[in-house]
Amino acid sequence: MSGIRVTRRAFMRGGAMALVGTSAVPTFLQRAVLAEQTNAAATGRRLVVIFQRGAVDGLSMVVPYKESSYYQMRTSIAIQQQEVLELNGFFGLHPSLAAFKPLYDQGHLAIVHAAGSPSISRSHFDAQDFMESGTPDVKATTDGWLNRALQAEDLAAKRQHTAFRAMALGTQVPRTLQGTLPAIAVSSVADFAVGGKSKAAPGLNDAFEAMYDESSDSLLRGTGDETFEAVKMMKAANPAQYQPQNGAVYPTTAFGQSMKQIAQLLKANLGVEAAFTDIGGWDTHQNQGNTRGQLADRLKEFSDGIGAFWADMGQDAEHITLVTMSEFGRTARQNGTGGTDHGHANAMFVLGGHVKGGKVYGRWPGLAPEQLNEGRDLVVTTDFRAVLGEAAYRTLGARNLEVVFPGGQLQPQRFLNILPVG
Amino acid sequence: MGSGMTGILRAAIAGVVCVQLVVQPLGLEALGHKHMAGMTQAPASTQLQGDERILHALNRMSYGPRPGDVEAVRQMGLDKWFELQLHPEKIDNSALEARLAQYPALKLSEERLAEKFPTGPMIRAMYNGLQPLPTDSAERAIYTDVTYFYGESQKHRVPAPKDGDGNGMMPAQDDSEDGPGAREQVQALLALAPTERLQRILDTPPQQLLAMRKQMGVHRQQIVEGMTPEQRETLESLVNPRSVVVNDLLAATLVREIYSETQVQEVMTDFWLNHFNIYIKKNENTPYQLTAYERDVIAPHALGRFEDLLVATAKSTAMMSYLDNWESIGPDSMAARNGGAGRYAQAMAERAKTPEAKAQVQAIVARAPKGLNENYARELMELHTLGVNGGYTQKDVTEVAKVFTGWTIERPMKGGGFLFDERRHEPGTKLVLGKTIAEHGQTEGYEVLHMLATSPQTAKSICRKLAVRFVSDTPPQALVDRMAQSFLDSKGDMREVLRTMWSSPEFWGKDAYRAKVKTPLEYVVSAARAGQVDVKTPLPLVATLERLGMPLYGCMPPTGYYWRASDWVSTSALVTRMNFALALGANAIPGVTTDWAVLLREGSGEAASQQQKEQQLEALILDRPASDKTRAAVMQQAQTMTVAQAASRFQISPDTVPGMDNGGTAGKGQKREQRALQQIRPNAPPTDPQASVMAGLLIGSPDFQRR
């Protein structure tokens, strides 16, 4: 284990030098390397969070094929026992999640079933809001749990952090990452530059840099410094030249490209500690389909994107924890239009080098009519905050869980232990 | 010190100000700060003078000066300008009205909007036979078409649209194939006069329209050519009825802020829209409710009495829906005993024949309210009136929630208005903030609203927020107290409160000058005003605001956006601000045009040298000399740049400024908006490339980030 760490650190140094290709390493890169090393000394890990917006049907992702009520309640949309990818004698994966199967078998992928929010809201808006803020049923929270997790991460050490520390792929900093700690939204790695693709871009960049560098306005000068540093770092990472490694093939969809860019930014040693992206299209009220259909297509895109990311990261995957979440599950029964409506508990995936995978975590509440929440959906037996809290605590080193999930009353001794202690 | 002495001193200082302003204005600001240290009073030496006062006032009480505005206010007199602004009804705003005529849906009642531009659930209900088709022939044609398109999309298993964007009936993708004869049919359409063209489209059976959709997409511009705004929107409603409502709402908001002559009214409208925040993606109906909310609830009271505004928001469909009060039912009310589902759902249940229809009714019944909802009660006290730590308890929240049970929406799917439903109202007396509220139905709510509106706590909370917006991120307590007293004395008259602020030395203090960093909204709108842009379609500006983290009506939590610098100064946002500035300068934002050559000619005649041109642009954009660093950087760039470089375009590509995205940050919504942006014709190249680059750099400079 320690052998890997040494190798990795050596690689990072070499990698940073190689990026610029000159003997003089600019300060911004030194800083990135420094940040990397101090982080490696502390936890060495990065957290990637994926939000499945629109409430994915967890009972189709991780199928409880031994539950007879599952088949009684889902006459046309159930995944049959012979069709699932076998997990543990009770659950099986949707066949479209084939990319997950080897990760599960190798022990990198863990599943938490019947996880969800204590809030009973069935509104996408409220439920996403509560999950992203990390404060179920509290509407006035203005920041997101992942921002607070980074704040909680060993503040006393006052580590140097880069502008890419908290990063979202997309046009906007999502709720999850909003807060007092600066977070960056990158919609396209290739376009993160002043002046875009204009011929005049380098000159314009320099003109702005001169104005902001020497601005007598301390507030703007500080941000200006960070901005031009970030732009330079991105340029040094040379996004146009990026080639995925280890034969990874990302889906050509927006989600696939987001995963590819996360891999690229993580590998570029820019100091990313937490990355976020999302994928929509899960709100399958009509014609959900079973092994084929709209949900199956979406699941394939989802798992192929994550699978490609894992392959692409190669040895670096060692230091990553990736968590998936969705605002709530869907009704246990199919509805009159071959779909499912807004439900309660769902399944979460946790993938990573340190993850104790190959296992389905959580207590299974059952699907018999009397076991359902409000007589219609899967009961929540694991609070989503326990899963995210463990990831934040053991990946980012966010020790003060009351900061991350105020009112959540999370305690490390009650974690599911998906990740090793320390 | 005698008054004569003070006068001489003031004149002397003003003279110094003028001289130093030319040389090193930022240095003078630093000097002003030093002088302020340790002083509690505000002597003349710390007060803004002359044109700085005008510029300061325009930067705070408007969305920034347009070229010529400072001079116009100087002519009129600053106090007279402000007093007139407090009476927007006396100001000629016909140029704005002419622009707003492009968005006719804005004038429709919420009910008419819902009829004319059906939402996704309404179309599903129609498809499932739960709603009859309308009788009006044009509307009937639209409903027939969109219902058919919905059915087709279901049959062909087109993935369900994303949440909050539940209709998009006519598949907008252009990867479809032409049906037989589609080219000829579309060519025939184009040969018709606009009115006949629209009629022909409405008369065309939906099957055929579907076959023609690719061709119609290709010729989109020609098809709408010559149509009235109403005709254009009727046509657009065939593709996506809800987006007509969304686009008009967003476009009109920006158009008003950029072009309205009644700037104090606009700034205050935005203040209250943000104070009484509504999130546009709350549900399918929110954009419809917001149209009425802005027009009938917020704008008429923006400079009126606070209590009137508070009552209007409490009864608005937008607020009742956003904070869920319309679903709140008294635990001991008649409705709770009957199970919650309203008569409306029961009537629909009787009409449900197919399994699909029954499922939809079932879903509606399952969502029926079951008890007390405290969201509105809590935010009413915490955010709308008393403020955080405003002295109320959880018990008060519950009691206020009971008071407002029965305040609901009549026929919510059809855009009905406020309804007090006695059956949902919690019986019995309530105890709110130590005061007993006797059982009196709807009147209980008015009693509580009056109590909150007239509370000193509310006066302080509102006035602090006003001072943060208009004066400083950390406003002096004395100023807040003075404004709060004015609030109480005038029974919440906003004109009086603003007059108090205007006549306070703290407002005119040198330490307040350029102390505020522009929010993204202020930045984008002030840039558009400084460049006197002609906005044909505001969609790219709407997209820029989204990219800058401040989408219009896009703040999800009920807190609204904050108005402090720390919330807006960030790395990625700064890159976006610079790129927006360069694109605006270079006339490269489709549908948003500017011509620096014309502005320069109108300003001070032909510039003799590069240096003069740059200084004229400084005057146009900044209304004051740029800092030495900024000027040096602009000049350096202008001199080293080749003409070809200057002329190379900064494309506002969908990648650089993505469009409105409903829901997730990646995916289908983005692609659809990319298509929408691509449909806007690109602008002509800039007539003066060098001036374009200079202007872009000045708008992106630190000098333009403050107000």
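Largest GNM mean-square fluctuation across A:366, A:408, A:89, computed for chain A with C-alpha springs under 10 Å, falls on A:89. Length available on full extension from residue B:418 to residue B:192: 0.36 nm per residue minus the Cα-Cα distance, which gives 76.9 nm. Among complete DSSP H helices in chain A, those whose alpha-carbon atoms stretch at least 18 Å along the helix's long axis and whose mean Kyte-Doolittle hydropathy reaches -0.5 are A:2-20, A:27-42, A:218-236, A:254-267, A:294-313.
May I ask you to give the average projected area over all directions of the convex hull of the Cα atoms of the range A:197-317, in nm² rounded to one decimal?
Average projection, Cα convex hull of the range A:197-317: 11.0 nm².
Average partner chain C-beta neighbours within 10 Å, per residue of A:129-136?
Working: counts 3, 0, 0, 1, 2, 0, 0, 0.
Whole-number average of other-chain Cβ neighbours for A:129-136 is 1.
Placing R0 at 25 angstrom, the Cβ-Cβ distance between residue B:395 and residue B:450 gives a FRET efficiency of 0.75 after rounding to 0.05.
Hydrodynamic analysis of the range B:345-481 uses the Kirkwood radius over alpha carbon pairs. Inserted into Stokes-Einstein at 25 °C and 0.890 mPa s, it gives a translational diffusion coefficient of 139 µm²/s.
Ranking request for peptides B:200-206, B:312-318, B:224-230: highest mean number of other beta-carbon atoms within 10 Å first, then the rest in descending order.
Working: B:200-206: 15.7, B:312-318: 23.4, B:224-230: 14.1.
Ranking, from highest mean packing down: B:312-318, B:200-206, B:224-230.
Counts of other chain beta carbons within 10 angstrom of each beta carbon in peptide A:217-223 average 5.
Over chain A, with the other protein chains present, what is the accessible area per residue in square angstrom, probe 1.4 angstrom?
34
So what does log10 I(q)/I(0) come out to for chain A at q = 0.13 Å⁻¹, using the Debye formula with one equal point on every Cα and no solvent? Rounded to two decimals, the profile gives -1.11.
Pull out the extension gain between residue A:68 and residue A:199, defined as 0.36 nm times the separation in residues minus the alpha carbon to alpha carbon distance; nm, one decimal. It would help to have the intermediate numbers written out before the result.
Numbers: separation 131, 0.36 × 131 = 47.16 nm, distance 6.49 nm.
Here the segment from residue A:68 to residue A:199 would lengthen by 40.7 nm.
Can you tell me which of B:264-271, B:68-75, B:381-388 comes out highest on packing, and rank the rest after it, using the mean Cβ neighbours within 10 Å?
On the way: B:264-271: 23.0, B:68-75: 15.1, B:381-388: 21.1.
Listed from highest to lowest mean packing, they are B:264-271, B:381-388, B:68-75.
The distance between label points at residue B:155 and residue A:370 comes to 4.7 nm (points 7 Å beyond Cα on the Cα→Cβ vector).
Here the range A:326-422 was treated as a single set of alpha-carbon atoms; its pair distances binned every 10 Å from 0 give 15, 38, 30, 15, 2 percent.
What does the buried accessible surface come to for B and A, summed over both chains, with the probe at 1.4 Å? Round to 100 Å². Walk me through the numbers on the way to the answer.
Values: alone 30080 and 17270 Å², together 41870 Å².
Roughly 5500 Å² of accessible surface disappears when B and A pair.
Where does chain A land at 222 nm, in deg cm²/dmol rounded to the nearest 500, when only DSSP H runs of n ≥ 4 count, each adding -39500 (n - 2.57), divided by all residues? Taken over chain A, the calculation gives -10500 deg cm²/dmol. Residues of the range B:261-310 that bury at least 30 Å² of accessible area when the other protein chains are present, relative to the chain alone (probe 1.4 Å, heavy atoms, ligands and nucleic acids excluded): B:282. Determine the alpha carbon to alpha carbon distance for each of B:358/B:414; A:267/B:518; A:66/A:356; B:282/B:435; A:260/B:518; A:300/B:281 and list only those over 26 Å. Result: A:267/B:518; B:282/B:435; A:260/B:518; A:300/B:281 exceed 26 Å. Taking only the Cα atoms of the range A:248-371, the radius of gyration and Dmax are 16.7, 52 Å. Based on every Cα atom in the range B:395-458, Rg and the maximum pairwise Cα distance Dmax equal 12.8, 40 Å.
With protein chains left intact and a 1.4 Å probe, residues in the range B:200-306 average 28 Å² of accessible area per residue.
Counting only other chains, and only Cβ atoms inside 10 Å, what mean value do you get across the residues of A:281-290?
Details: counts 9, 5, 8, 2, 6, 7, 8, 2, 2, 0.
For this peptide, the per-residue mean of nearby foreign Cβ atoms is 5.
Using a 10 angstrom cutoff on alpha carbons, build the Gaussian network for chain A and name the most mobile of A:140, A:347, A:230. Highest fluctuation of the listed residues: A:140. Each peptide in B:431-440, A:277-286 was scored by the mean count of other Cβ atoms within 10 Å over its residues; highest first, the order is A:277-286, B:431-440. Its residue count N sets the reference 2.2 N^0.38 Å, and the alpha-carbon radius of gyration of the range A:43-129 equals 1.26 times that reference.
The values are calculated or read from the model by the stated rules, or taken from the named source; none is laboratory data. Here the structure is a predicted model, which is why all the values come from computation and not from measurement. Note: ideal-geometry Cβ built from the backbone for every residue, glycine included; neighbour counts use all protein chains shown. Protein only, heavy atoms only, side chains kept; ligands, DNA and RNA dropped before computing areas. Shrake-Rupley method; radii C 1.70, N 1.55, O 1.52, S 1.80 Å.
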